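Down below is the structure, laid out as structure tokens.
The values are calculated or read from the model by the stated rules, or taken from the named source; none is laboratory data. Keep in mind the model is a prediction, meaning the values are calculated, not measured. All Cβ positions, glycine included, derive from the backbone under ideal geometry; neighbour counts span all protein chains shown. Heavy atoms of the whole protein, side chains included, go into the accessibility calculation; ligands, DNA and RNA do not. Shrake-Rupley method; radii C 1.70, N 1.55, O 1.52, S 1.80 Å.
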Amino acid sequence: MHVGSVKVVELDDWGDFARVLHNEVTAIGHEGLLIIRNFALVTCDVDADMKPIGETNRLELVRRTGTDRDAASPMWNATGHDYEHDRAPTCKGPADIIYAYVAELTTNGYRVHYLPDGEPEDWDLTEGLLETDGVLVYDASKLDRVSKNEHWFKGDPRDALLLVFKLRSEDSDSFA
């Protein structure tokens, strides 16, 4: 499924996410685990001195590439949470990976598989999100989980992307 056909779901409130996620994933006929990632719709670009030099429309980047990450995105190396790229380089660039959560649909929404071999947990992955944030939902079978929250795309991110969620705004563009 490519970006042009990926549905952008607009919510009135992030509290609706779990219910609408279940409905939307069921409607597209996806079965299996999901990867859920929240992201900023627009980010500030800075130079080497941390001075603002512009901004990046991450939602537009998702529409073009299937991911909000690009060559300027940070690589994390938190021991026990992320793959340690500094210890074992992989030739993966920032746009080849995402930091996200594995989730399974339930009758009431979703549960998160935070620990790779642990039991799924009830988490609200939208807690604290604002109108400036969005949520990406991927087919987990199209990514490799290499740590608690780091995943590597097996192919083109556009093929893994199932849905995009954001809050409705007065000046919302129609992407569907």
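The charge dipole of the chain, taken about its Cα centre with unit charges on the Cβ atoms of Lys, Arg (+1), Asp and Glu (-1) only, comes to about 560 debye. Sequentially through the stretch 121-130, phi angles give Karplus couplings (6.51, -1.76, 1.60; θ = phi - 60°) of 10, 7, 9, 9, 6, 9, 4, x, 6, 10 Hz, Gly and Pro residues having no value and appearing as x. Distance from the Cα centroid of the stretch 12-62 to that of the stretch 98-125 is 17 Å (rounded to whole angstrom).
Computed from the C-beta positions of residue 144 and residue 104, the FRET efficiency with R₀ = 25 Å rounds to 0.90.
Surface composition of the chain: carbon plus sulfur atoms hold 49% of the accessible area, using a 1.4 angstrom probe and ignoring ligands, DNA and RNA. Computed from label points 7 Å out along Cα-Cβ, the spacing between residue 114 and residue 127 is 0.9 nm.
Expected output is a single nm value to one decimal: the length gained when fully extending between residue 169 and residue 55, i.e. 0.36 nm times separation in residues minus the C-alpha distance. What is it? Difference between extended and current length: 39.1 nm. Between amide H atoms placed 1.01 Å from N, distances below 5 Å from residue 7 occur with 164, all of them 5 or more places distant or on a separate chain. The length gained on full extension between residue 48 and residue 64, counted as 0.36 nm times the residue separation minus their Cα-Cα distance, comes to 3.1 nm.
In this structure, the pairs whose alpha-carbon distance is over 27 Å, taken from 7/154; 142/166; 51/148, are 51/148.
Excluding residue 120 itself, what net charge comes from residues whose Cβ is under 12 Å from its Cβ, given Lys and Arg +1 and Asp and Glu -1? Cβ neighbours under 12 Å give a net charge of -4. A simple rule links phi to the HN-Hα coupling: the Karplus curve 6.51 cos²θ - 1.76 cosθ + 1.60 with θ = phi - 60°, which for the stretch 138-146 gives 10, 6, 4, 5, 9, 9, 9, 8, 10 Hz, with x for Gly and Pro. Once the Cα-Cα distance is subtracted from the 0.36 nm per residue extended length, the residue 24 to residue 75 segment shows a gain of 15.3 nm.
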